[in-house]
1. Computed over the Cα atoms of segment 30-99, what is the convex hull's projected area averaged over all directions, in nm²?
2. Note down the magnitude of the dipole of segment 18-87 about its Cα centre, charges +1 on Lys and Arg C-beta and -1 on Asp and Glu C-beta and zero elsewhere, to the nearest 20 debye.
3. Once you have the Cα-Cα distance between Lys60 and Asn88, take 0.36 nm times their residue separation minus that, and quote the gain in nm to one decimal.
4. For the chain, what is the mean residue ellipticity at 222 nm derived from helices alone (per DSSP H run of n ≥ 4: -39500 (n - 2.57); sum divided by total residues; nearest 500 deg cm²/dmol)?
5. Quick one: Cα centre-to-centre distance for segment 1-67 and segment 164-187, in angstrom?
6. Two decimals is fine: what is log10 I(q)/I(0) at q = 0.13, 0.14 Å⁻¹ for the chain, from a Debye sum with one equal scatterer on every Cα and no solvent?
7. May I ask you to order 144-150, 183-189 by the average number of other C-beta atoms within 10 Å around their residues, highest value first?
8. What percent does the relative contact order of the chain come to when contacts are Cα pairs within less than 8 Å and at least six residues apart?
Amino acid sequence: MKTNRFFNVKRFCHLLSSDFRLNGKRYLFSLATGVVILYLILLIGMTITSSNFTARDYSKIFFVCAFALCAFEGSVFPEFGNRIKTGNYLLLPASALEKIVSQFLIYIVLGTLFFLLIFGIDTYLARWSALQMEFVLRSGITIEKFHYSMLSRITDNPDSYMMIISTGLFLFTSRLLFRRYASIKSIILLIALILLLRCGMTLLSHIFYPDETVGFDITLPQYELASGLYNIQLYWNILIYSTWVFFLPFAYYKLKEKQV
């Protein structure tokens, strides 16, 4: 009985079906907009460059667009932007866990998969279009063919990817804190928390290392904990990698609170 109360597969499938019927046009519009904008960004980047377009150029565009994906993930629970729609959504015959999982599946899992698919297709189309332009051919610029192994070759530090994932999860969960302009307010909140963290670390640096700390600098003595592992690296890894452990349960309990 408890399992059925918290999660029921048939009820979950009905919830997903209802979501796609209500928001299908919105998803298709977001998908089409992403395809066009990403294609134009890649095409412009390939045609205005004065040197060869290489894996490093693809990597820069990928990470910028990945943070744009985080903004899409922050638009989760679109019904919460309207008081009446919020009430109707909360009254749907589904548990809080089913609602969280359905939104996570649509915005985080499917959103990420479609982003990777679109990026791969757009890089091919943009490269093909650029190579058809006369001035590109005359310039003798080489546009390298894209493949995802490039990203691991350019960025061998997984912290960059985890930072994107953590940002997406933060925007996903903080949506439940705000009713209107949630995405914008969530981004402002994220920036405020980053600044607060920096100010806090700066204050601690002035308290514990007054002679070495100047202005807004952060002083952290670096020492090796194990072979190739330093204390600063461990600190940032814990901060970045553990965020989802807090954010997802937080989202569940905030939604459950709204339903009570």
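Throughout, read-outs are computed from the coordinates displayed, never taken from laboratory work. Just so it is clear, the model here is predicted, and its values are computed rather than measured. Quick reminder, even Gly has a Cβ in these numbers, built from the backbone with ideal geometry, and neighbours come from all protein chains shown.
1. Details: hull surface 26.8 nm².
Taking the Cα atoms of segment 30-99, their convex hull projects to 6.7 nm² on average.
2. Values: 7 positive and 4 negative charges, 38 e Å.
The dipole of segment 18-87 has a size of about 180 debye.
3. Numbers: separation 28, 0.36 × 28 = 10.08 nm, distance 4.18 nm.
Taking 0.36 nm per residue and subtracting the Cα distance, the gain is 5.9 nm.
4. The helix-only estimate for the chain comes to -23500 deg cm²/dmol at 222 nm.
5. First find each Cα centre; the distance between them is then 16 Å.
6. Treating every Cα as an identical point scatterer, log10 I(q)/I(0) equals -1.01, -1.09.
7. Working: 144-150: 14.4, 183-189: 17.0.
Ranked from most to least packed, the peptides come out as 183-189, 144-150.
8. Details: 208 pairs, mean separation 71.1, N = 260.
Relative contact order, the chain: 27 percent.
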